[in-house]
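The values are calculated or read from the model by the stated rules, or taken from the named source; none is laboratory data. These numbers were taken from a predicted model, which means no experiment stands behind them. Cβ placement follows ideal geometry from the backbone for every residue including glycine, while neighbour counts extend to all protein chains displayed.
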Amino acid sequence: MSAYITEGDALLYLAPLYNADQLLGTVQFHASLAEQNAFYERIRDLFLYAGLAVLAGGFLAGYLFVRRQVSVIRRLNRAAQQIGRGDYLTRPPVRRRDELGELAEGIYDMSGSISSSVEQLQEEKRKLMEAIARLTELERQQKQFIGNISHELKTPLTSIRAYADLLEMYADDPALLGRARERIGTEAARLYELVEKALQLSAMDVYDFETKAAQVELAPLLAEAAERIRVKADAADIRVELALREGTVWADPDNLMHIVLNLLDNAVKYNVPGGKVTLSNRMAERPGAVSRMLVEVADTGRGIPPEAQPRIFDPFYTVSGDRSRATGGTGLGLSLVRSLAEKQGGAVRLAESGASGSRFILELPIPTTPSGES
Ligand code: ADP
């Protein structure tokens with residue numbers, strides 16, 4: 001049996017020494033542990049400092065890493081808030097190759113698609129607002145139109161009714177008979193014209209009037225229109241002259257005939273006895289733009305007063321109620337002319353008007369496919 005004790009840096013080892021069963025003595029062994037203890041402490045310190053250094057380094061590295069991630073997340077957050085304010089991104093908020101980078105790309109893509117959806121929505125909204133404004137304007141025009149037409153219809157009807165009453169009372173008055181026949185005839189013709197033009201105008205507004213545009217040879221159509229007006233012109237002692245050139249236009253032939261007839265009708269109606277109406281056409285060469293065909297109706301009438309000129313294309317507008325009534329005008333002719341011209345991509349305007357007459361110009365599109373003549 002042996003034992004040892006340590007005291008400070010000293011180690012005392014004791015072991016009995018036997019010879020057979022007889023105890024001879026004790027072996028004592030003294031050794032110094034100072035070196036081992038110092039080694040042990042050095043190792044312990046080494047582990048301690050190394051541990052502390054690793055801990056501090058780890059903490060610092062972790063702290064820096066987290067700080068960087070947080071700053072990236074803050075930038076992503078700011079980008080999201082920026083999108084929320086409607087200020088869309090022009091590039092990804094951060095560029096990285098990790099998950100945060102993917103998130104940034106995702107936010108950027110999302111900003112792009114929100115921006116284009118919002119743009120689309122705004123475009124739709126703009127169109128909707130325009131449509132509403134157009135409908136409101138159309139409704140206003142229709143109400144005004146109905147009000148005006150009712151009023152206009154009443155005038156000739158009142159006159160016809162008055163003559164009917166007079167005829168009932170004085171059936172055998174030959175002078176009254178003659179006057180009544182003439183007045184009732186005039187008023188009935190006026191009523192007819194009014195209803196016909198009103199129907200055409202309202203059909204255009206409501207159903208957006210179907211135009212069957214085609215390539216039309218202009219000169220024969222204009223010659224035919226002049227022929228149709230000739231009887232009325234002759235009766236009013238007015239000469240109709242033509243200065244026509246070959247050419248085709250892109251228009252609905254019926255509508256075109258209607259437009260030209262209305263312009264010619266006015267040129268005769270508002271002319272002076274012995275006067276002249278000239279119907280001509282020519283190409284308008286516009287540098288850098290598509291050429292258009294111009295049709296001109298010129299007369300030698302009394303002209304339109306400057307203050308009335310901006311309004312002559314308004315429905316029911318007549319320069320002087322009495323003068324127009326005397327000639328059977330409804331104030332719808334030029335309004336119809338303008339609507340018909342615009343419906344087929346053309347335009348009509350009063351080029352000039354003065355004491356020596358008026359000049360109306362109708363501008364028409366020409367066919368886009370070359371026809372050889374135009
Ligand atoms: P109306 O059926 O009364 O002729 P329009 O709409 O055709 O109606 O014309 C509107 C007004 O413009 C007419 O009342 C007339 O006073 C004036 N006007 C139109 N064309 C001419 C013209 N060639 N010369 C003078 N006045 C014209």
Give the residue that is farthest from the ligand (Cβ to nearest atom), with candidates limited to residues of the stretch 353-370 that are of a type in the set (A, V, I, L, M, F, W, C) and part of a strand (DSSP E or B). L364
Name the pairs: first residue in the stretch 304-329 and modelled with pLDDT under 90 and near the ligand (Cβ under 7 Å from one of its atoms), second residue outside any loop (DSSP other than H, G, I, E, B) and of a type in the set (S, T, Y), Cβ to Cβ under 9 Å, at least 6 apart or on different chains? Y317/S335; T318/S324
Only one of these conditions is not met by L138: (1) within 20 Å of the chain's Cα centre (by Cα); (2) farther than 30 Å from A189 by Cα. Which number is it? (2)
Looking only at helices (runs of 4 or more DSSP H) that lie completely in the stretch 240-352, which have at least 1 residues being crowded, with 19+ Cβ neighbours inside 10 Å and under 38 Å from the mean Cα position of the chain (by Cα)? 253-269, 333-343
Just wondering, is there one or more residues in the stretch 118-136 that are in contact (Cβ under 8 Å) with a residue 40 or more places away in the chain, under 21 Å from S335 (Cα atoms) and polar (S, T, N, Q)? no
In the stretch 353-374, what residues are at pLDDT 90 or above and either surrounded by fewer than 21 Cβ atoms within 10 Å (Cβ to Cβ) or over 34 Å from the mean Cα position of the chain (by Cα) (or both)? S353, G354, A355, S356, G357, S358, R359, I361, E363, P365
